[in-house]
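J.: My questions all concern the structure below.
The values are calculated or read from the model by the stated rules, or taken from the named source; none is laboratory data. Note that the structure is predicted; figures quoted are calculated from it, not measured. Note that each Cβ is placed from the backbone with ideal geometry, even for glycine, and that neighbours are counted across all protein chains shown. What goes into the accessible areas is simple: the full protein's heavy atoms, side chains included, and nothing from ligands, DNA or RNA. Shrake-Rupley method; radii C 1.70, N 1.55, O 1.52, S 1.80 Å.
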Amino acid sequence: MTATSRHVVLRRHPTGRLSPDDFELVERPFAPLAAGQFRTRNRFLSLDAGFRQWMNAGSSDNYLAEMPLGEPVQSIVLGEVIESRHADWPEGRWVLARTAWESHSVTDGSDLATPVEPLPGVPLEEHLGALGPAGMTAYFGLFAVGRLVPGDRVLVSAAAGGVGSLVGQLARIAGCRPVGIAGGERKCRFLVEQLGYAAAVDHRAHGDLAAAIAAACPEGVDLYFDNVGGRVLDAALANLREGARVVLCGMVSQYEGEAAPIHRLWQLVTKRAEARGFMFSDFLPQFAEAAERLGRWVQEGRLSTPFHVTEGLENAPRAFCEMLAGANLGKAIVRL
């Protein structure tokens, strides 16, 4: 019997709000491995809002191009090597790589492939959270891009999401005061009661969001970690302290529609502030050093990822749509 794998493919390029009907589950026979390739049996898929941008027709930049129709949806995946024609990737090794929503992947290890060494007492899925792309994004965004220093007043948008939930914890570990922005009372309670944020701002509850941020950050903001863009970014700019840093990590508010205009860019001038965008892969040579620190904090119980787990590859499209709608708390993953 021919071995097969299952894949979630992009059935059509979405217009506006994403729907599970934009995807299709297909089954395909294993393709033979070429020299230098290896095959993984995937255990977890990461659901990351930024991949929504590359599902649009005509989407193209210097990071990822438009996802082709009929092909598996790109994703960060954690899997185990089950067949190999690559000397550096023997059978039995765990690997984190950018492949796709699929039960099995074939790769040559060139696309962000990183060997994973399970840590004693640490759940395997943590390598998609604090020890994986989410953790690396939070870590380098804060310490390398944002140049975080003890005592900073830190503001984080989408603070209950996969990256934001880690940013607040890391800021607290570094001796800073984190304030989170999230949508809804449930998420705001989660930020304060579960993640250790000093305060939370419900962006859905305030017509004047800038004033609500000012009330939660009475001394202003030294570092703003932005995952949202639009009106939330605009409101945060009104509260910058002199010399503030704005870390541009994501723009979830515009992935499925037009972005709200930014009116307060003048604040960057008057506050002698700076804004810088980044991708976690910019810091690939420094991953080992970061992983050592993050791993130690996880093992010490000072850092952990709140996971929102969906079971089954076939449910990945629904889970992704729900994540974009803000339904989950923490890092969204699919367990195969």
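J.: I need every pair where a residue in the stretch 67-85 that is under 14 Å from ALA113 (Cβ atoms) has its Cβ under 8 Å from the Cβ of a residue that is open to solvent by 60 Å² or more (accessible area, probe 1.4 Å) and part of a strand (DSSP E or B), sequence separation at least 6 or different chains.
T.: Note: pairs meeting the criteria are LEU78/ARG43; GLY79/ARG41; GLY79/ARG43; GLU80/ARG41; GLU80/ARG43.
J.: If you don't mind, there's one more thing I want to ask. In the stretch 227-244, how many are more than 18 Å from ALA138 (Cα to Cα), among the hydrophobic types (A, V, I, L, M, F, W, C) and either open to solvent by 20 Å² or more (accessible area, probe 1.4 Å) or within 23 Å of the chain's Cα centre (by Cα) (or both)?
T.: Result for the stretch 227-244: 5.
J.: Evaluate the following for LEU142: is it in a loop (DSSP other than H, G, I, E, B) and either among the polar types (S, T, N, Q) or in contact (Cβ under 8 Å) with a residue 40 or more places away in the chain (or both)?
T.: So LEU142 fails the test.
J.: I've got another one for you. Only one of (1) more than 24 Å from GLY151 (Cβ to Cβ); (2) of a type outside the set (Lys, Arg); (3) open to solvent by less than 10 Å² (accessible area, probe 1.4 Å) fails for ALA171. Which number is that?
T.: The failed condition is (1).
J.: Taking the options ALA316, ALA275, ALA235, name whichever one is assigned to a helix (DSSP H, G or I), over 25 Å from MET55 (Cβ atoms) and small (Gly, Ala, Ser).
T.: From the options ALA316, ALA275, ALA235, the qualifying one is ALA235.
J.: Among the numbered criteria (1) outside any strand (DSSP E or B); (2) at pLDDT 95 or above; (3) open to solvent by less than 60 Å² (accessible area, probe 1.4 Å); (4) in contact with a strand residue (DSSP E or B) (Cβ under 8 Å, 6 or more places away or on another chain), which single criterion is violated by GLY250?
T.: Tallying (1) outside any strand (DSSP E or B); (2) at pLDDT 95 or above; (3) open to solvent by less than 60 Å² (accessible area, probe 1.4 Å); (4) in contact with a strand residue (DSSP E or B) (Cβ under 8 Å, 6 or more places away or on another chain), GLY250 fails exactly one: (2).
J.: Evaluate the following for HIS127: is it in a helix (DSSP H, G or I) and open to solvent by 10 Å² or more (accessible area, probe 1.4 Å)?
T.: Considered against the rule, which asks whether it is in a helix (DSSP H, G or I) and open to solvent by 10 Å² or more (accessible area, probe 1.4 Å), HIS127 comes out as yes.
J.: Moving on to the next point. If a residue must be free of Cβ contacts under 8 Å to residues at least 40 places away in the same chain and within 17 Å of ALA182 (Cβ to Cβ), how many such residues does the stretch 217-233 contain?
T.: Looking only at that region, the number is 3.
J.: Exactly one condition in (1) under 17 Å from TYR255 (Cβ atoms); (2) surrounded by fewer than 15 Cβ atoms within 10 Å (Cβ to Cβ) is false for PRO14; which is it?
T.: For PRO14, the failing item is (2).
J.: Let me ask something additional. Can you give me the number of residues within the stretch 278-302 that are touching a Gly at 6+ places or on another chain (Cβ under 8 Å) and in a loop (DSSP other than H, G, I, E, B)?
T.: Residues in the stretch 278-302 being touching a Gly at 6+ places or on another chain (Cβ under 8 Å) and in a loop (DSSP other than H, G, I, E, B): 1 in total.
J.: Please state which one of ARG153, ARG147, ARG177 is surrounded by fewer than 24 Cβ atoms within 10 Å (Cβ to Cβ) and free of Cβ contacts under 8 Å to residues at least 60 places away in the same chain.
T.: Every option except ARG177 fails the conditions.
J.: Out of the residues in the stretch 192-206 that are in contact with a helix residue (DSSP H, G or I) (Cβ under 7 Å, 6 or more places away or on another chain) and within 22 Å of LEU237 (Cα to Cα), state the one that is modelled with the lowest pLDDT.
T.: The extreme case among them is HIS206.
J.: Using beta carbons and a limit of 9 Å, which pairs, at least six apart or on different chains, have the first residue in the stretch 288-300 and of a type in the set (Phe, Trp, Tyr) and the second one part of a helix (DSSP H, G or I)?
T.: Note: pairs meeting the criteria are TRP297/GLN169; TRP297/LEU170; TRP297/ILE173.
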